[in-house]
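The values are calculated or read from the model by the stated rules, or taken from the named source; none is laboratory data. Computed from a predicted model, the values in this text were never measured in an experiment. No Cβ is skipped: glycine too gets one built from the backbone with ideal geometry, and neighbour counts run over all protein chains shown. Quick note on the areas: whole protein, heavy atoms, side chains included, nothing else; ligands and nucleic acids left out. Shrake-Rupley method; radii C 1.70, N 1.55, O 1.52, S 1.80 Å.
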Amino acid sequence: NAGVTQTPKFRILKIGQSMTLQCAQDMNHNYMYWYRQDPGMGLKLIYYSVGAGITDKGEVPNGYNVSRSTTEDFPLRLELAAPSQTSVYFCASSYEGINYGYTFGSGTRLTVV
Amino acid sequence: SQKIEQNSEALNIQEGKTATLTCNYTNYSPAYLQWYRQDPGRGPVFLLLIRENEKEKRKERLKVTFDTTLKQSLFHITASQPADSATYLCALATGSARQLTFGSGTQLTVLP
């Protein structure tokens, strides 16, 4: 099993550019999440989804958008990139029951210059 | 305001000793709490989950306690090894969609 796959692993964007961070899971998890992690800080929830067609905002959604057209894919869109969006982005997925932890991807390191 | 605090950003211990990491929280009433391990340049890896009605959970050399009165969880690694060196994150379930709120982590270094 591949688990949670994130692409790209690294990206440098110029201020004002846009990009999509890809996330795919092959575990048939209904729940999916996007977090960002800044140095020395905890993971902050950006958006989450409880199933195809359903998304909701997390703690820090401004400047981002998501869609969930299939169970497998949960892309994160950055519009008009800003230096404050320089961070490491992690996608995660989980089963619905409370006995399960999250499975995380390996992350995308994004720098906005 | 809601807050999750993990003890000291860095903890150094000698190989073979027990490492104890602390997670304190305020203004939350979590149904359960989770612990993750994160290595440099990698995503967090799930280790253990403990529910609010459980006092203690064990998995091999790992032990987690959860005291909802003190609003505290302790994470123990017994007979620690250099390979246990990593950052350990605690996380609380805070929403209907099982959204996790994470602490900033404790960086553990086990010295040979």
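Looking at residue A:33, is it buried (at least 16 other Cβ atoms within 10 Å of the Cβ) and farther than 23 Å from residue B:37 by Cβ?
So residue A:33 does not fit the description; no.
Residue-wise test of (1) surrounded by fewer than 16 Cβ atoms within 10 Å (Cβ to Cβ); (2) touching a residue at least 60 places away in the same chain (Cβ under 8 Å).
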| site | (1), (2) |
| --- | --- |
| A:14 | yes, yes |
| A:26 | yes, no |
| A:49 | no, no |
| A:74 | no, no |
Residue B:64 vs (1) more than 9 Å from chain A (Cβ to nearest Cβ); (2) in contact with a Gly (Cβ under 7 Å, 6 or more places away or on another chain); (3) of a type in the set (A, V, I, L, M): all pass except (2)
Note on the stretch B:67-93: residues more than 9 Å from chain A (Cβ to nearest Cβ), closer than 13 Å to residue B:32 by Cβ and either of a type in the set (D, E, K, R) or in contact with a Pro (Cβ under 7 Å, 6 or more places away or on another chain) (or both) are B:92
Taking the stretch B:50-85 and the residues there that are open to solvent by less than 10 Å² (accessible area, probe 1.4 Å) and part of a strand (DSSP E or B), the one that is nearest to residue B:3 (Cα to Cα) would be B:73
Going through the stretch A:83-105 in order, the residues found to be modelled with pLDDT of 95 or more and out of contact with any strand residue (DSSP E or B) (no Cβ under 6 Å at 6 or more places or on another chain) are A:84
If we ask which residues in the stretch A:88-113 are open to solvent by 10 Å² or more (accessible area, probe 1.4 Å) and polar (S, T, N, Q), their number turns out to be 4
Next item on the list: Determine whether the stretch B:40-49 contains at least one residue that is assigned to a strand (DSSP E or B) and not hydrophobic (A, V, I, L, M, F, W, C).
Entry: no
Within the stretch B:35-65, restricting to residues that are closer than 25 Å to residue A:93 by Cβ and basic (Lys, Arg), the one that is modelled with the highest pLDDT is B:37
By residue number, the members of the stretch A:44-84 that are charged (D, E, K, R), within 13 Å of residue A:31 (Cα to Cα), within 14 Å of chain B (Cβ to nearest Cβ) and not in a strand (DSSP E or B) are A:68
